[in-house]
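Read the structure below first, then the notes.
The numbers here are math on the coordinates, done by the rules we state, and not lab data. Quantities reported herein were computed from a predicted structural model and do not represent experimental measurements. Cβ placement follows ideal geometry from the backbone for every residue including glycine, while neighbour counts extend to all protein chains displayed.
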Amino acid sequence: MKCGIIGPPVSGKTTLFNILTGVTETGLIHVKRELRRGVAKLGDSRLEAITRASKSARVVPATVEYIDIPGQSGDRESREPYPASYLAELHNADMLALVVREFRDDSIPHPSGSIDPGRDIADAVLEFIINDLAIVERRLEKITRLHNADFKREVKILTHCQEMLSDQHALREYDFKPDEEKILRSYSFLSLKPLLIVLNLGEASVPDAGRILDDLKQETGLPERKTGWAAVAAGIESEINALEESDRDAFLNDLGFSLPALDRITRATFNLLGLVTFFTTSEKESRAWSIPAGSTAVQAAAAIHNDLARGFIRAEVCRWDELVEMDGSYGRLKETGKLRLEGRDYVVADGDVLLIRFNV
């Protein structure tokens, strides 16, 4: 799972990237405007409990790969489009996180000359729309005159996309049918990807985070479809993150956040992408796996390894808390009737523990 982090320069997105991934950098300014990658490990108390119950030698949490895309310098008139290499990364991402700045600091001027989160959001959304429209128009030039039935279907859906984009509507605003989504999937349109707006607050604004976010939602008018919202105070939270783990909770509570930025952003990421977590466990290893909600047992098996899906026989399933209650004993689960046998079409629920039986 990949999330591209974008936003104007000095919005705090690189600080947020460092918090999420644990990456550190030297110096106050990231001089080389280079793309960076990092992996966030998702804390999960359920996985910790399963690991203890199974006495696993190794624990592997679910992860999200975050990609820090350098911000575009200059105002909206003089700013150049994203380079092709950066666009390729954005197109390959599963979702986008747009960091916009609310905090004020005279020593760190905004490249557009003023602090205006609504403007920064509108600029980014328009950038995605323009990029998608160019792709649609190039494709229509190639296939409009072709008479193949598949091309005719493609022309129909792309023409609809062209109309939406020309009216400055993001594609995520429209509820496409499954067959239409299948056609559009290969284009990886930026305005169709789930978008998480991350508002970077100043410390003094944190107590009013909820109201500020609500006001920004009203101002931007972004549709609820595939759009999520979160607030951070990346500057002070970066300092808290550097403290001893035992001291962090107290400082976060004083700040007004009940969870660290890592947990808040990764939870928002999971919710926006519609992901659920299932677990596998043994004395060797306990691991968390992320799959789309509604995935079947055989699709979960494929997430582990293609061979498990290819030779799938059945899944032995229980709830994570039931396994913990039985101290990790599958035998006791069977005796109490809490270990279920499920076929390939079983829809995996969040918190399931799966043991895949297969033969290849």
Taking every pair of distinct Cα atoms and averaging 1/r, then inverting, what Kirkwood hydrodynamic radius in Å comes out for segment 212-311?
16.9
With +1 on each Lys and Arg Cβ and -1 on each Asp and Glu Cβ, and nothing else charged, work out how big the dipole of segment 2-272 is about its Cα centre, in Debye to the nearest 20.
1280
Hey, in the GNM for the chain with a 10 angstrom Cα cutoff, which one of D116, D247, D350 fluctuates hardest?
D247
Suppose only helical runs count, i.e. DSSP H with n ≥ 4. What mean residue ellipticity at 222 nm does that imply for the chain under -39500 (n - 2.57) per run, divided by all residues and rounded to the nearest 500 deg cm²/dmol?
-12500 deg cm²/dmol
At R0 = 35 Å, FRET efficiency that the Cβ-Cβ distance of L35 and E342 yields, to 0.05:
0.25
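Determine the relative contact order of the chain: mean sequence separation of Cα pairs under 8 Å and six or more apart, normalised by residue count, in whole percent.
Taking the mean separation of contacting Cα pairs over the length of the chain, I get 20 percent.
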Among F151, F279, F17, the residue with the largest mean-square fluctuation in a Gaussian network model of the chain built from Cα contacts under 10 Å is F151
Take the alpha carbon atoms of segment 248-298, find their center, do the same for segment 81-150, and report the distance between the two centers in whole angstrom.
28
Per its Cα gyration tensor (rounded if a/c is under 1.5, else prolate when a/b beats b/c, else oblate), segment 53-190 is best filed as oblate
Considering the chain as a Gaussian network with a 10 Å cut-off on Cα pairs, which listed residue, G228, G343, G202, attains the greatest mean-square fluctuation?
G343
Greater than 19 Å separation of Cα atoms is the criterion. Which listed pairs, K156/K182; K41/K338; K177/K217; K41/K182, meet it?
K41/K338; K177/K217; K41/K182
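Could you grab the relative contact order for segment 66-223? Cα pairs under 8 Å, six or more apart, rounded to a whole percent.
After rounding, I find 34 percent.
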What distance in nm separates the simple spin-label points at V60 and K217, each placed 7 Å from Cα in the Cβ direction?
3.7
On the first, second and third principal axes, largest extent first, how far apart are the outermost C-alpha atoms of the chain in Å?
69, 65, 36
Net charge near T227, counting Lys/Arg +1 and Asp/Glu -1 over other residues with Cβ under 11 Å of its Cβ?
+3
